[in-house]
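FYI, it's all coordinate maths here, none of it is from the lab. Bear in mind the structure is a predicted one, so any value in this text is a computation, not a measurement. Here the Cβ is made from the backbone with ideal geometry for all residues, glycine too, and neighbour counts use every protein chain on show.
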Amino acid sequence: MQEHFDDHWVQQARALGWRSRAAFKLQQLDERLALLRAGQVVVDLGAAPGSWCQYANARIGERGSLIAVDLLPIEPLPGVTIIEGDFREQAMLEQLQRCLNGRAVDVVLSDMAPNISGIRTVDQTAAMYLAELALDFARQQLRVGGHWICKVFQGEGFDELLRSARAEFEQVRMHKPESSRDRSREQYMVGIRYQGNSCS
Ligand SMILES: C[S@@+](CC[C@H](N)C(=O)[O-])C[C@H]1O[C@@H](n2cnc3c(N)ncnc32)[C@H](O)[C@@H]1O
């Protein structure tokens, strides 16, 4: 039954021209929480192959601006600035800041997931580290009132991250989109309306 359900999203993605089924996760989060709109500046972390970029780019339109980052190459997308490299490195942060050129970010998206080793504690630590870095980036670059959407996994480090996010956003919501595989422990932490550094 689950396989059948997975196939459904894969086929739908193909039919709509999305690069992967992951697009539906962002679409479902956005439809529920109304996070993306025309003219926004958006940064997409862990963006390959680029289906979140496709969805976000359509939502922000030509007046918007989208910067996508991944370790892996991303096929070009009209209007999207692509940076290939490791988000954990300081040089990447500097490159992102150069691209932003002083503009505050409206929405930080992070669907980053480390390569899975199969050793649960190692994988959890690596995943939570990426989520913490994404929150740190949001702290530095979001405008007041901006949003942060981040893939997270229940386990070690989850409660601390939730606590930090709650201190900095007006609201924090947890979501497991309908299109996310049931057997996957992934969820999305959504920080709504950043309140600014004074709260951190
Ligand atoms: C689930 S995929 C993202 C799918 C994407 N949201 C989409 O819609 O096409 C996770 C991505 O995170 C990237 N990633 C993992 N660690 C990273 C890091 N340290 N820096 C940049 N990207 C990273 C992986 O290369 C992978 O492409």
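For this structure, a couple of remarks:
- Out of GLY46, GLY64, GLY50, GLY118, one residue alone is farther than 23 Å from LYS25 by Cβ and of a type outside the set (D, E, K, R). It is GLY118.
- Scanning segment 57-68 for residues that are more than 12 Å from the ligand (Cβ to nearest atom) and either farther than 17 Å from ARG21 by Cβ or among the polar types (S, T, N, Q) (or both) yields ARG59, ILE60, GLY61, GLU62, ARG63, GLY64, SER65, LEU66, ILE67.
- Some residue of segment 44-51 being part of a helix (DSSP H, G or I), under 21 Å from ILE192 (Cβ atoms) and either within 11 Å of the ligand (Cβ to nearest atom) or acidic (Asp, Glu) (or both): no
- Scope segment 52-84; condition crowded, with 21+ Cβ neighbours inside 10 Å and among the charged types (D, E, K, R); matching residues: ASP70
Residues are listed down the side, and each one gets a yes or a no for (1) in contact with a Phe, Trp or Tyr (Cβ under 7 Å, 6 or more places away or on another chain); (2) part of a strand (DSSP E or B); (3) away from the ligand (no atom under 16 Å from the Cβ):
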position: GLN124; (1), (2), (3): yes, no, no
position: GLU132; (1), (2), (3): no, no, no
position: LEU161; (1), (2), (3): no, no, yes
position: ARG166; (1), (2), (3): no, no, yes
position: ARG173; (1), (2), (3): no, yes, yes
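- Checked against (1) within 19 Å of SER180 (Cβ to Cβ); (2) assigned to a loop (DSSP other than H, G, I, E, B); (3) within 13 Å of the ligand (Cβ to nearest atom); (4) not basic (Lys, Arg), LEU35 passes all but condition (3).
- Failed item, numbered, when ILE74 is tested on (1) assigned to a helix (DSSP H, G or I); (2) in contact with a Cys (Cβ under 9 Å, 6 or more places away or on another chain): (1)
- Remark: SER20 matches the filter, which requires a residue to be hydroxyl-bearing (Ser, Thr, Tyr), crowded, with 16+ Cβ neighbours inside 10 Å and closer than 25 Å to PRO114 by Cβ.
- Filtered residue count, segment 69-82, keeping only those that are near the ligand (Cβ under 9 Å from one of its atoms) and either under 15 Å from the mean Cα position of the chain (by Cα) or more than 16 Å from SER110 (Cα to Cα) (or both): 3
- Close contacts from segment 110-138, counting a first residue that is surrounded by fewer than 18 Cβ atoms within 10 Å (Cβ to Cβ) and a second that is of a type in the set (Asp, Glu), with Cβ to Cβ under 6 Å and a gap of 6+ residues or different chains, come to ILE116/ASP123; SER117/ASP123.
- Exclusive hit being touching a residue at least 24 places away in the same chain (Cβ under 8 Å), more than 10 Å from the ligand (Cβ to nearest atom) and not hydroxyl-bearing (Ser, Thr, Tyr), set GLN54, GLN28: GLN28
- Counted residues, segment 102-121 - those being within 14 Å of the ligand (Cβ to nearest atom) and not in a loop (DSSP other than H, G, I, E, B): 4
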